[in-house]
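Below: one structure, written as structure tokens.
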Amino acid sequence: TRTPVNVTVTGAAGQIGYALLFRIASGHLLGPDVPVNLRLLEIPQGLKAAEGTAMELDDCAFPLLRNIEITDDANVGFAGANVALLVGARPRTKGMERGDLLSANGGIFKPQGKAINDNAADDIKVLVVGNPANTNALIAQAAAPDVPAERFTAMTRLDHNRAISQLAAKTGAAVSDIKRLTIWGNHSATQYPDIFHAEVAGKNAAEVVNDEVWLADTFIPTVAKRGAAIIEARGASSAASAANAAIDHVHTWVNGTAEGDWTSMGIPSDGSYGVPEGIISSFPVTTKDGKYEIVQGLDINAFSRARIDASVQELTEERDAVRELGLI
Ligand code: NDP
């Protein structure tokens, strides 16, 4: 039998955590034959609710779930972690300036990065979901000098999945017929969903759509503002779809992309496509054997260039702000 994989989830008592933990325990994160140990990290006020969730996890009698540990100590929570899902974050509240938001989250992600550095397993893979996800991932990465930087990633898979769904609806195709879609940049309103290299049932998506006005005025803003539209409709932020995207992100990272397709991940830039080295930006990537590679050689037209640059500019400003705050 296989050795269990240690999976740490922060903010485990939150709504994304509630939608996420049961799918990890049922084998959707890593595969149907991989046993898991869950480590739930919460702030002290969240511990009791996390215990309740753990009781429900027990009650599911998941064959793959070996044990659950609940803690508010990051050194304990990340001990031996192979996969860490950093979901808990400080949300932006009314009237909060960007600097306040970044420093509140720095207070969470800097110590978590250090705890990962000091306690996690050598093969640790980190996904940051809590917003501002790209910059929170940068803060954690900078606090973990002994962990290879590329193990710190940020989630743009929800944006990727939303874009696939919108494109499928527009073209009447099945979601499984959409390939090679790319989210570039920041997981924020400036993100750029790119269909110029995407395919719809083997044909170029931009040519199939053939409607730049729809692209600029409907598709891009619909994908970028979907989170707000869901809050408006549901009265609460998206949770199940965010959890699903986190599952997809890690599953693809560990198990590989399909031949001829790619996915989108926020990863430390190596300078590809003019994105400054070190910032955590979304790119088209293929994955294999637990490693990812940026898809190279894509031709970036002027429409795409302007939008990628704008989102990357925002990330550069966030990086400069956290540097000024001494968080990286
Ligand atoms: P959620 O579980 O709904 O969200 C958690 C984080 O995910 C938020 O930062 C949220 O950002 C982000 N997020 C990213 N993508 C999405 C998306 N598409 N839709 C919705 N959210 C998204 O928050 P809750 O308040 O329900 O739960 C947070 C939990 O985290 C609490 O239990 C709290 O105690 C815990 N926490 C734990 C910490 C720790 O372990 N050290 C630190 C801080 C909090 P956004 O708000 O911008 O949507």
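Quick one: Leu327 ticks every box in (1) part of a loop (DSSP other than H, G, I, E, B); (2) loosely packed, with under 12 Cβ neighbours inside 10 Å bar one, so which box is it? Unmet condition: (2). Among the conditions (1) closer than 25 Å to Ser237 by Cβ; (2) in contact with a strand residue (DSSP E or B) (Cβ under 8 Å, 6 or more places away or on another chain), the only one that Ile124 does not satisfy is (1). The residue of the range 68-83 that is farthest from Ile247 (Cα to Cα), among those that are within 22 Å of the chain's Cα centre (by Cα) and within 11 Å of the ligand (Cβ to nearest atom), is Ala74. Would you mind stating whether Glu42 is among the charged types (D, E, K, R) and open to solvent by less than 60 Å² (accessible area, probe 1.4 Å)? Taking the combined requirement at face value, the residue satisfies it. For the range 128-143, residues that are surrounded by fewer than 24 Cβ atoms within 10 Å (Cβ to Cβ) and away from the ligand (no atom under 16 Å from the Cβ) total 1.
This table checks each residue for (1) in contact with a helix residue (DSSP H, G or I) (Cβ under 7 Å, 6 or more places away or on another chain); (2) of a type outside the set (A, V, I, L, M).
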{"site": "Gly235", "(1), (2)": "no, yes"}
{"site": "Ser238", "(1), (2)": "yes, yes"}
{"site": "Gly260", "(1), (2)": "no, yes"}
{"site": "Ile267", "(1), (2)": "yes, no"}
{"site": "Gly271", "(1), (2)": "no, yes"}
{"site": "Ile279", "(1), (2)": "yes, no"}
{"site": "Arg305", "(1), (2)": "no, yes"}
{"site": "Leu315", "(1), (2)": "yes, no"}
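I'd like the residue in the range 234-275 that is within 13 Å of the ligand (Cβ to nearest atom), among the hydrophobic types (A, V, I, L, M, F, W, C) and over 12 Å from the mean Cα position of the chain (by Cα) and, out of all such residues, is least open to solvent (accessible area, probe 1.4 Å). By that ranking, first place goes to Ala239. So Lys179 clears everything in (1) in contact (Cβ under 8 Å) with a residue 60 or more places away in the chain; (2) under 30 Å from Gly113 (Cα atoms); (3) of a type in the set (D, E, K, R) except one condition, right? Which one? Just one mismatch for Lys179, condition (2). Summed over the range 1-31, the residues that are within 16 Å of the ligand (Cβ to nearest atom), β-branched (Val, Ile, Thr) and open to solvent by 10 Å² or more (accessible area, probe 1.4 Å) give a count of 1.
Ala50 meets the stated requirement of being crowded, with 18+ Cβ neighbours inside 10 Å and within 11 Å of the ligand (Cβ to nearest atom). When you scan the range 186-219, how many residues do you find that are more than 14 Å from Gly172 (Cα to Cα), aliphatic (A, V, I, L, M) and out of contact with any Leu (no Cβ under 9 Å at 6 or more places or on another chain)? Residues flagged as more than 14 Å from Gly172 (Cα to Cα), aliphatic (A, V, I, L, M) and out of contact with any Leu (no Cβ under 9 Å at 6 or more places or on another chain) within the range 186-219 amount to 4.
From Thr222, Thr218, Thr171, Thr153, grab the single residue that is over 26 Å from Ala79 (Cβ atoms) and touching a residue at least 40 places away in the same chain (Cβ under 8 Å). Talk me through it step by step, then tell me what you get.
On the way: Thr218 fails: touching a residue at least 40 places away in the same chain (Cβ under 8 Å); Thr171 fails: touching a residue at least 40 places away in the same chain (Cβ under 8 Å); Thr153 fails: over 26 Å from Ala79 (Cβ atoms).
The unique qualifying residue is Thr222.
Checked against (1) of a type in the set (S, T, N, Q); (2) at pLDDT 95 or above; (3) part of a loop (DSSP other than H, G, I, E, B), Thr3 passes all but a single condition, namely (2).
Annotation: of all residues in the range 287-311 being open to solvent by 50 Å² or more (accessible area, probe 1.4 Å) and in a strand (DSSP E or B), the one that is nearest to Ala321 (Cα to Cα) is Glu293.
Selection of the range 157-205 for residues being over 20 Å from Ala310 (Cα atoms), small (Gly, Ala, Ser) and open to solvent by 30 Å² or more (accessible area, probe 1.4 Å) yields Ser165, Ala169, Gly172, Ala174, Ser176, Ala201, Gly202.
If you scan the range 84-100, which residues turn out to be open to solvent by 10 Å² or more (accessible area, probe 1.4 Å) and either near the ligand (Cβ under 10 Å from one of its atoms) or without any contact (Cβ under 8 Å) to a residue 12 or more places away in the chain (or both)? Write out each step before concluding.
Step one: filter the range 84-100 for residues open to solvent by 10 Å² or more (accessible area, probe 1.4 Å), giving 87-100.
Matches in the range 84-100: Val87, Gly88, Ala89, Arg90, Pro91, Arg92, Thr93, Lys94, Gly95, Met96, Glu97, Asp100.
The values are calculated or read from the model by the stated rules, or taken from the named source; none is laboratory data. Predicted model only: the values in this text are computed from it and were never measured. When we count neighbours, we look across all protein chains shown, and the Cβ atoms used for this are built from the backbone with ideal geometry, even at glycine. We work out accessible area using only protein heavy atoms, side chains counted, and drop any ligands, DNA or RNA first. Shrake-Rupley method; radii C 1.70, N 1.55, O 1.52, S 1.80 Å.
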